[in-house]
Amino acid sequence: MTLDPCERCEELLQEFLDRTLTDAEWREAESHLAGCDYCRRRYRFEETLRRYVKLSAVERMPPGLMSKLEELRGLDAMA
């Protein structure tokens, strides 16, 4: 069964963002994104989400958060 172009683009999207596609797959995804507003918006959303996650992973935790998480982890272990 052949996927429609948007389903195929969805299938390739994460690897496109990771830049791990073959040259042929890269051209296929890039070509589809150039002509499909829906998939281009999905791509921008995923790209923005990745940037946000990356930024939030390097921000310091507010004071006391680590101890609160450790406390909650301890409560979870007792359950």
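Just so you know, all these numbers are worked out from the coordinates, no wet-lab data involved. Quantities reported herein were computed from a predicted structural model and do not represent experimental measurements. Cβ coordinates were reconstructed from backbone atoms using ideal geometry, including for glycine residues, and neighbour counts include every protein chain displayed.
With 0.36 nm allotted per residue and the present C-alpha distance subtracted, the residue 67-residue 17 stretch has 14.5 nm of extension available.
Report, to the nearest 10°, how far helix 5-18 tilts away from the longest principal axis of the Cα atoms in the chain, using its own Cα long axis and a range of 0 to 90°. So the helix axis and the longest Cα principal axis differ by about 50 degrees.
Sum up the charges of everything whose Cβ sits under 12 Å from the Cβ of residue 48, counting Lys and Arg as +1 and Asp and Glu as -1, but leave residue 48 out.
+4
Excluding the site residues themselves, the longest part of the chain lacking any trypsin sites (Lys or Arg not before Pro) in a DSSP loop with at most 13 other Cβ atoms within 10 Å is 20-59. I need to check one value: relative contact order of segment 5-78, counting alpha carbon pairs closer than 8 Å and at least 6 residues apart, in percent. The normalised contact order for segment 5-78 reaches 25 percent. Rounded to the nearest 10 degrees, the inclination of helix 23-35 to the longest alpha-carbon principal axis of the chain is 90 degrees.
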